Amino acid sequence: LGMIINESVRLYPPAVAAIRRAKVDTQLGDFTLPRGTELLIPIIAIHHDQTLWGQDANEFNPARFGLGVAQAAKHPMAFMPFGLGARRCAAFRSSLTGVYRRFITESTVFRPQIPNRREMQPLLLVSEESQFLLRILNGSFQTLDIIKDRIFHDFANLFCSKANLDVIDMRQENVMHSVNRDELGSKDWSSKGNNSNPEGDSTAGFSVLDTMLKRSLDRLKSMRERISLAEAGINYCTWEINFNKDAYVVRAMCLDGQLGAALSLWWNMIQNSIVPDVITHNYLINALCKNGELEKAEWIVRGMLYRGPSPTCAAFNSLIRGYCLVNDVDNALNTFSTMANHGIVPNRVTCNILVHALCKKGLLEEANNLFHKLLSKVHNGGSSNLITSTIMMDGCFKNGDTDQALAFWERMLLERTQVDKVSYNVVIHGFCLSHDLGTAYKYCCEMLKLGFVPDVYSYNTLIGALCRQGKISDACYIYDVMTGMGVKPDHITYRMIIQGLCINREIDRANCFLDYMLEYSLIPEPLVWNVIINGYGRCGDIQKASYIREKMVACGVLPNIYTYNALIYAQIKSGNLSAAQSLEKELLLYGLTPDSVTYNLLIGAACNLGLIHSALQLHDKMLRKGCQPDVITYTELLKVFCVQGMMREADKLFGRLMASGLAVDHVPFLILMKRYCRMGEFNEVYDLHQKWLETMPR
């Protein structure tokens, strides 16, 4: 349904265009936009551009959104029915929610049916308030069954109202009298032949229409009788439709994340003595647990135990999973005990959730005991037993118990459990955690022998282990094998390789992998761009660092504070303090707030150049912006005070540092002690040494 809606708003967007005005002078690619320039973004033209959407851009093809909105077109920002960015339509979520709710509401009332193509004629339904013109099929009146449910639901009061029926009866009698009179006139006219007068011609001209209206009113009377017979059951039918509609709306709101509205509608149903079914309750409990509102979810479960319907194992599993997600294993076990006390038998999913939570917390012995305890109570099955054993293996590997993990692996093989690709991935990941890459390669080859093709997770596990050990060449070799086997690398693959290459100072090679990502239509996250920018900055190549930033913006990725910090560091390393300060002003224009790293870089650069006044101004500006100084800030200022011989200011600053509550390391003490030694103030040196010993952890 989402694909259909997306394709509909692509072909017929709510807004055909958007207008943006440049607030400041902006460089957009090769174009310079002066302040105040207005840009017209033709949304409907972009949505029908064949270079972006293919040759079928003007055709209705929801399948193009099968891989998500970002990959539906050749550019991830080609789909903008409600605009993009911070100025996107504020009501776009409520609009889409309204479409989903309308679809769910109508699907509970209509019964889809394709009628035969026959000649259609009008039927006029007259009421006190309005007139409704329906097109019904000529022939059998049974075709009205197609819209029967809709008529019962929307027009029940209209047809069953006595006042409306009296009006129809009265008007029908008048029309019948007129029809009988006109039929006599028609007969006289036909007997007279061509010698008739003009008034007879006029009367005969309407005789056919009156006859058609008579037939329509006869059918109306027949339909009225049918509705009158069903009048006694309409109230029950309407109540049942409303109940189903409310239940479906509650489920839809839970899926859409509108938990407040869903709970309100659910509570109104309870207040009206309408108890929703267990499936609706499960939707609410699952949504609340995913949102972290565990107290409300537990309250609903207690209400089900009190008033009904009786909670199922799925409801308790959702609540147990919610507690495990927040690492509250005690409440998860208490919920498990409540489940058992009310006679609800746990299933394999219950066991898997609890075992995984215990393993994640390092309670391997308790997880093992629970595993063996529940193994005899729940239904045995190959796939379920495989999942539980795989969870136990993963927990043992992550807690460093490789022998116990291999024991579970051997047990699965002895029981002839059909292992799968996930089990092998857990084993490979476990040996990579223990830095045993040789055994990890061995199990990877064993996968291939058994016909299991390693997936992207398998290769990412090996690449990550190699990058952590600094074996970047081997990681790139695994990448080549991966692509040669037809496995498409994902964002994680490229991020690990690019980070490893930048740490190894192979920045140009990392930039090549960035281009590979773009060729695969994978838009890198800001972290990847920042790593390359920082790499070029550390190498002193400001031009390439700036080029990567421009490329980043061209791909629709907005720079963040870390991007600007990397560029500022590059400018400072090149000795260009004015350019670094310009970047600090630029990030303010883009709505970004400088952090302590930004100010520390600028203050350190000013101190190294002996610009004490500029350093103090930056420090004051830092405080005005609400950015708290850290140890590095105080250390840089202490250094410049000591170099300039301003010991009184240095002592005051050191006192503020000690009173700030920050964890002070040895560097500020050494700076002051070194300066006082040169001045021959050995008593001050001794006092500083004693303070240093007092602050050291014992």
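Where a number appears in this text, it was derived from the coordinates with a stated rule and is not lab data. Since we're looking at a predicted model, the values are computed, not measured. Ideal geometry is used to build each Cβ from the backbone, glycine not excepted, and the neighbour counts take in all protein chains shown.
Structure summary
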| read-out | value |
| --- | --- |
| Whole-angstrom gap from segment 41-68 to segment 492-515, using each part's C-alpha centre | 33 Å |
| Stretchable slack from V481 to L518, in nm (0.36 nm times residue separation minus alpha-carbon distance) | 11.3 nm |
| Extension gain from R87 to E586, taking 0.36 nm per residue of separation minus the Cα-Cα distance | 177.6 nm |
| Pairs beyond 18 Å (Cα-Cα), from K296/K361; K544/K573; K585/K621; K621/K674 | K296/K361; K621/K674 |
| Q543/Y306 FRET efficiency (R0 56 Å; Cβ-Cβ; nearest 0.05) | 0.20 |
| Förster radius 30 Å - calculated FRET efficiency between Q617 and D25, Cβ distance, rounded to 0.05 | 0.70 |
| GluC sites (Glu not before Pro) restricted to DSSP loop in segment 19-108 with at most 15 other C-beta within 10 Å | E59 |
| Per-peptide average of other Cβ atoms within 10 Å, ordering 555-563, 341-349 highest first | 555-563, 341-349 |
| Cα shape, segment 392-479, gyration tensor, a/c 1.5 rule | oblate |
| Segment 545-698 shape via C-alpha gyration tensor axes, a/c threshold 1.5 | prolate |
| Loop-located trypsin sites (Lys or Arg not before Pro) in segment 1-58, at most 16 other Cβ atoms within 10 Å (DSSP) | K23, R35 |
| Cα centre as origin, Lys/Arg/Asp/Glu Cβ charges: segment 19-98 dipole, Debye | 420 debye |
| Mean separation of Cα contacts under 8 Å, 6 or more apart, over the residue count of segment 593-695: relative contact order % | 21 percent |
| Nitroxide proxy distance, nm - points 7 Å out along Cα→Cβ at D687 and H491 | 5.5 nm |
| Theoretical FRET efficiency, 1/(1+(r/R0)^6), r = Cβ-Cβ of M3 and C313, R0 25 Å, to 0.05 | 0.15 |
| Segment 545-561 residues near the modelled D595 label - backbone nitrogen below 18 Å, point 7 Å along Cα→Cβ | 558-561 |
| Estimated distance in nm for a label pair at E38 and L265, the labels positioned 7 Å out from Cα along Cα-to-Cβ | 4.1 nm |
| Relative contact order of segment 490-579, pairs being alpha-carbon contacts under 8 Å that are 6 or more residues apart, as % | 25 percent |
| Using θ = phi - 60° and Karplus 6.51 cos²θ - 1.76 cosθ + 1.60, couplings along segment 455-466 (whole Hz; Gly, Pro as x) | 9, 5, 5, 4, 5, 5, 5, 5, 5, x, 5, 5 |
| Links that overshoot a 31 Å alpha carbon limit, given the list K23/K290; K290/K471; K360/K471; K74/K398; K23/K625 | K23/K290; K290/K471; K74/K398 |
| Amide H contacts of A18 (H built 1.01 Å from N, under 5 Å, at least 5 apart or other chain) | I41, I43 |
| At most 12 other Cβ within 10 Å, DSSP loop - chymotrypsin sites (Phe, Trp or Tyr not before Pro), segment 29-69 | F60 |
